[in-house]
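> Take this structure, written in structure tokens, and hold onto it; I'll ask about it next.
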Amino acid sequence: MTSNRYSNIGARALCLLLVSALSLWSLPAVAQSTPERLSDKDVKALIDQVDEGRDKFEGNLDGKFKGSTLQGQGPAGETKVAGALQDYQDSTKKLKDRFTPKYSASAEVLTVLKQSASIHTFMQSSPDAMKGRSEWDRQTGILKRLAAAYGATFPLAEGAVVRRMNDGEAAGFAEEIAEAADEFKHDLDKATAPPTPERAAAKKELDVLIKHAKDVKSRVGDGKPATAQVRQLLEQAAKLQAHFTANPLPTMSNWDAVQASLGKLQQAFNLTP
């Protein structure tokens, strides 16, 4: 009787230890101020606005200015305004054409943002009364939202990375997390350590992780906001990671796969690891 009683106490202690380990882990990097990730549909609308804003800006410029040459501008020491405007138009049109659910057009966005930055520098040094100034100020607001959707800022910082993962890719990462977590549950079933109560508690936590991953996949696939759901997923994974770091299993490859896909999903949602 005494032996059984201490055995039960030990099992309860192990469960309490697991719960304590899970509750102590936190993810300070998943800040609540992170902007909501835009869906593919939202980004497409934003790209259309960039092209429309570019057209309105150009249409309001003074005709003489558009036909002029700016000295001390550009790599050749001068810039023909008409040529620069045509290049800008070509780039925004190309971006509109290239962006699809299967291609995020990150390279094209980078080109547009770089050209926009050159125009922005010139406009900032021009008189407020210059024709087209109000239209450019409005364009700047749109460009800031576009840059944010690609994990950057406008004007671009030196060496900035401009990249977006579209909905299909992000949903795929969530699916990979759910599948790898499910396989890891099977690994727990086959394991002989840690003790059974502790493994059972871990499996329940993995079920929660799988549910969060499936929620993210569903919402992203439907074009719905999912940043809050990704935060929940990250927090749940962090709890489990704390436990498995302290109590590693002989086989951790499936959990490593969870972590790898989770890192990619973080990038897709611009949640700094």
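The values are calculated or read from the model by the stated rules, or taken from the named source; none is laboratory data. Since we're looking at a predicted model, the values are computed, not measured. Glycine also receives a Cβ, built like all others from the backbone with ideal geometry; neighbour counts cover every protein chain displayed.
> Which one of these is closer than 22 Å to N166 by Cα and surrounded by 14 or more Cβ atoms within 10 Å (Cβ to Cβ): T100, T140, T92? Talk me through it step by step, then tell me what you get.
On the way: T100 fails: surrounded by 14 or more Cβ atoms within 10 Å (Cβ to Cβ); T140 fails: closer than 22 Å to N166 by Cα.
Exactly one of T100, T140, T92 is closer than 22 Å to N166 by Cα and surrounded by 14 or more Cβ atoms within 10 Å (Cβ to Cβ), namely T92.
> Would segment 4-18 turn up any residue that is assigned to a helix (DSSP H, G or I), touching an Asp or Glu at 6+ places or on another chain (Cβ under 8 Å) and at pLDDT 95 or above?
no
> Then there is this: Among the numbered conditions (1) modelled with pLDDT under 90; (2) in a helix (DSSP H, G or I); (3) surrounded by 18 or more Cβ atoms within 10 Å (Cβ to Cβ), tell me where P197 comes up short.
Result: P197 fails condition (3) only.
> Still on this structure: Out of G67, G159, I need the residue that is over 24 Å from N270 (Cβ atoms) and surrounded by fewer than 18 Cβ atoms within 10 Å (Cβ to Cβ). Which one? Before the answer, list the steps.
On the way: G159 fails: over 24 Å from N270 (Cβ atoms).
G67 is the lone residue from the list that is over 24 Å from N270 (Cβ atoms) and surrounded by fewer than 18 Cβ atoms within 10 Å (Cβ to Cβ).
> Being out of contact with any strand residue (DSSP E or B) (no Cβ under 8 Å at 6 or more places or on another chain), of a type in the set (K, R) and at pLDDT below 95 is the requirement here; does K211 meet it?
When the stated conditions are applied, K211 does not pass them.
> Also, I was wondering about something else. Can you tell me which of (1) over 26 Å from the mean Cα position of the chain (by Cα); (2) closer than 14 Å to V258 by Cβ; (3) crowded, with 19+ Cβ neighbours inside 10 Å is the one D187 doesn't meet?
That leaves (3) as the condition not met.
> Within segment 226-249, can one find any residue that is under 13 Å from D182 (Cβ atoms) and over 19 Å from the mean Cα position of the chain (by Cα)? Quick ask: steps written out before the conclusion?
To start, the set of residues in segment 226-249 that are under 13 Å from D182 (Cβ atoms) comprises none.
So far as segment 226-249 goes, no, none of its residues is under 13 Å from D182 (Cβ atoms) and over 19 Å from the mean Cα position of the chain (by Cα).
> Among the listed residues S116, S126, which satisfies the condition of being out of contact with any His (no Cβ under 9 Å at 6 or more places or on another chain), farther than 24 Å from L233 by Cα, not charged (D, E, K, R) and not in a helix (DSSP H, G or I)?
Going through S116, S126 in turn, the sole match is S126.
> Would you be able to say whether some residue in segment 243-260 is in a loop (DSSP other than H, G, I, E, B), surrounded by fewer than 14 Cβ atoms within 10 Å (Cβ to Cβ) and modelled with pLDDT of 95 or more?
No, that holds for no residue.
> Also, quick follow-up: Return the residue satisfying two criteria in turn: it lies in segment 62-80 and is under 21 Å from L143 (Cβ atoms) and under 36 Å from the mean Cα position of the chain (by Cα), and of such residues it is modelled with the lowest pLDDT.
Among those residues, the one meeting the criterion is G74.
> Might you check whether a residue that is closer than 24 Å to E36 by Cα, part of a loop (DSSP other than H, G, I, E, B), of a type in the set (A, V, I, L, M, F, W, C) and in the same structural domain as E179 (by TED's automatic domain parsing) occurs anywhere in segment 220-233? Talk me through it step by step, then tell me what you get.
In the first step, residues of segment 220-233 are kept if they are closer than 24 Å to E36 by Cα; the result is 220-233.
Narrowing further to those that are part of a loop (DSSP other than H, G, I, E, B): 222-226.
After this cut, where a residue has to be of a type in the set (A, V, I, L, M, F, W, C) as well, the list is 226.
Retained after the next criterion (residues that are in the same structural domain as E179 (by TED's automatic domain parsing)): 226.
Within segment 220-233, one or more residues are closer than 24 Å to E36 by Cα, part of a loop (DSSP other than H, G, I, E, B), of a type in the set (A, V, I, L, M, F, W, C) and in the same structural domain as E179 (by TED's automatic domain parsing).
> When you look at F57, is it assigned to a helix (DSSP H, G or I), in the same structural domain as K131 (by TED's automatic domain parsing), at pLDDT below 95 and among the aromatic types (F, W, Y), yes or no? Write out each step before concluding.
Working: assigned to a helix (DSSP H, G or I): yes; in the same structural domain as K131 (by TED's automatic domain parsing): yes; at pLDDT below 95: no; among the aromatic types (F, W, Y): yes.
Judged against the criteria, F57 is not a match.
> Check G159 against each of (1) part of a helix (DSSP H, G or I); (2) over 16 Å from the mean Cα position of the chain (by Cα) and name the one condition it does not meet.
(1)
> State which residue pairs qualify: first residue at pLDDT below 90 and inside segment 116-135, second residue part of a helix (DSSP H, G or I) and of a type in the set (A, V, I, L, M, F, W, C) in any location, beta carbons under 8 Å apart, and separation of 6 or more residues or different chains.
Nothing qualifies.
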